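The values are calculated or read from the model by the stated rules, or taken from the named source; none is laboratory data. On a predicted model such as this, the values are computed, not experimentally measured, just so you know. Positions of Cβ are backbone-derived with ideal geometry, glycine not excepted, and every protein chain shown enters the neighbour counts. Remember, those area values only see protein heavy atoms, side chains included, never the ligands or the DNA or RNA. Shrake-Rupley method; radii C 1.70, N 1.55, O 1.52, S 1.80 Å.
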Amino acid sequence: FRGYCSRRLRRLRKTLNFKMGNRHKFTGKKVTEEILSDNRYLLLILMDAERAWSYAMQLKQEANTEPRKRFHLLSRLRKAVKHAEELERLCESNRVDAKTKLEAQAYMAYLTGMLRFEHQEWKAAMEAFNKCKTIYEKLANAFTEEQAVLYNQRVEEISPNIRYCAYNIGDQSAMNELMQMRLRSGGTEGLLAEKLEALITQTRAKQAATMSEVEWRGRTVPVKIDKVRIFLLGLADNEAAIAQAEDEETKERLFESLLSECRDAIQAVREDLKPDQKQREHSLENDSGKVSNIQYLHSYLTYIKLSTAIRRNESMARALQKALLQQPRPEEDGKRAPRPQDLIRLYDIILQNLVELTQLPGLEEDKNFQKEIGLKTLVYKAYRCFFIAQSYVLVKKWSEALVLYERVLKYAREVQAGAGAYTNSLKELPDVQDLITQVNAEKYSLQAAAILDANDTHEAESPSQVKDGKPLSERFETFCLDPSLVSKQVSLVHFPPGFQPIPCKPLFFDLALNHVAFPPLEDKVEQKAKSGLTGYIKGIFGFKS
């Protein structure tokens with residue numbers, strides 16, 4: 001955007017012939033009220049302010065890794081405010097309409113608020129943002145709905161900054177309002193969502209300074225890593241926001257945000273685990289048999305990550321189940337209709353996460369934890385078997401589906417038998433009693449469908465739809481709907497033709513030949529020429545006998 005502003009400035013100066021000297025000498029010029037014959041002169045000041053603001057936002061991102069750039073950031077913001085003041089002064093001219101004057105005042109108030117915000121002058125920043133918000137709200141009420149959308153969007157972008165300033169001044173309810181703003185933003189991923197996330201993180205960072213330890217499964221662990229403190233402090237707020245989400249898209253986005261923060265916290269703990277390789281491998285403290293505090297904290301964060309992933313996949317599974325129960329609709333926008341196989345994949349991932357939970361360091365000897373995970377595994381295995389059976393029903397594999405339904409009932413009864421002391425931990429899971437009721441109903445439907453399907457297979461098929469593989473030349477007298485007759489592989493005759501029996505050629509035996517006396521032929525046969533040396537010499541010289 002900064003590059004765009006620079007190019008736009010160059011084009012405007014060239015068009016207006018408002019150049020700052022030449023390539024050899026710089027000659028500064030200022031836009032005054034006397035030359036405001038063209039509104040593009042105001043755009044020159046606006047583009048200068050926008051270019052300085054965009055450069056400041058770029059430096060703000062780079063300052064995360066290079067803190068020295070923060071000084072340059074503040075300098076650019078001051079430059080943007082200076083240009084905005086010049087723009088506001090020029091707009092006071094009689095040549096400018098009232099709407100432009102109000103927009104210039106709001107723009108000036110916004111940039112002033114941003115500068116005070118970066119200086120952490122919360123009261124002055126809040127006053128500037130409130131002035132900007134008031135002007136935009138009045139403009140939204142004064143114009144058409146199409147124009148009001150733009151002004152209301154600016155109000156929504158400014159509101160999080162105002163609440164954050166109020167929180168820093170001393171309003172403790174501002175944090176809750178920031179969370180509600182993030183929840184109302186839905187699945188959007190624009191500047192407003194990024195700003196809300198940044199402000200919430202900064203707010204938690206201030207609260208995390210008082211957090212020093214966390215307790216999990218009867219053991220208290222000190223927390224010394226700031227990133228982990230911030231994550232654990234906002235965990236309850238994130239879970240509350242997920243519970244209050246109205247649609248699946250918002251809930252999915254909040255789940256992904258929580259998992260991303262959890263992965264960052266786990267990575268920070270891993271970096272502290274690397275220097276002490278032996279402690280990580282053996283994870284024992286003296287002879288107590290307990291893992292170290294940092295390893296136990298790593299297990300706790302991994303437990304949060306896996307549990308959140310399970311809840312996310314379970315939420316997706318519930319949404320798919322609702323879609324399966326609805327009447328089948330034609331596919332829209334190329335989207336494939338949900339199938340039982342999609343649910344099977346989700347439950348496979350859930351079962352894999354449960355296996356990883358049982359292998360967490362420090363929890364191998366926790367019998368209650370292992371028993372609880374075992375019961376959860378049985379619940380999800382039951383649902384996985386149920387949807388595998390549903391997929392077999394679709395392809396009319398009745399025997400396989402019936403066996404899987406029996407397996408579902410077996411898993412469900414095991415859960416009911418062992419869930420006495422773990423009722424509280426299992427109450428968030430799907431109810432197995434509802435599953436048992438549904439399976440019993442499905443079994444009766446399956447048996448009826450299997451009987452009807454068996455009867456249908458024994459009924460004679462309609463002659464008009466029979467295709468026995470005979471070529472057309474052998475079924476002229478029978479009417480048959482054969483789509484292959486209009487295809488490229490039509491079957492007209494058998495080729496090559498089959499072998500057929502033919503009569504053998506008779507055998508002739510000449511028995512009379514053995515009893516015939518032939519006349520002598522010695523007188524007709526020439527005598528053989530004499531051989532030897534004399535004959536050889538005569539042959540050389542051409543003499544014949």
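Tabulated values for the structure
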read-out: Taking all pairs of distinct alpha-carbon atoms in segment 379-453, Kirkwood radius in angstrom; value: 12.8 Å
read-out: Length added when fully stretched, Ser307-Arg475, from 0.36 nm per residue minus Cα-Cα; value: 53.8 nm
read-out: Accessible area of segment 379-453 divided out per residue, in Å², using a probe of 1.4 angstrom; value: 56 Å²
read-out: Segment 379-453, accessible surface, carbon-and-sulfur percent (1.4 angstrom probe); value: 53 percent
read-out: Rounded to whole Hz, the Karplus (6.51, -1.76, 1.60) HN-Hα couplings of segment 438-450, x for glycine and proline; value: 5, 5, 4, 5, 5, 4, 5, 5, 5, 4, 5, 5, 5
read-out: Compactness index (Cα Rg / 2.2 N^0.38 Å), segment 32-86; value: 1.39
read-out: Residue-span extension gain [Glu66 to His24] - 0.36 nm each, minus C-alpha spacing; value: 11.5 nm
read-out: In sequence order, calculated HN-Hα J values of segment 220-228 (Karplus, 6.51, -1.76, 1.60; Hz; x Gly/Pro); value: 9, 10, x, 10, 10, 8, 4, 5, 5
read-out: FRET efficiency, 1/(1 + (r/R0)^6) with R0 60 Å, evaluated for Glu137 and Leu452 via beta carbons; value: 0.35
read-out: Under 5 Å, built H, 5+ apart or other chain: amide partners of Val214; value: Val221, Val223
read-out: Full-extension gain in nm, Lys397 to Val493, via 0.36 nm per residue minus C-alpha separation; value: 30.8 nm
read-out: Amide proton proximity set for Lys470, modelled H, under 5 Å, gap of 5+; value: none
read-out: When each of Lys397/Lys443; Lys376/Lys397; Lys101/Lys138; Lys376/Lys410; Lys251/Lys305 is checked by Cα-Cα distance, pairs over 20 Å; value: Lys376/Lys397
read-out: Phi-based couplings in Hz for segment 107-122 (Karplus 6.51, -1.76, 1.60; Gly and Pro marked x); value: 5, 5, 5, 5, 5, 5, x, 5, 5, 5, 5, 5, 7, 6, 8, 5
read-out: Packing-based order for 394-404, 69-79, using average beta carbon neighbours within 10 Å, highest first; value: 69-79, 394-404
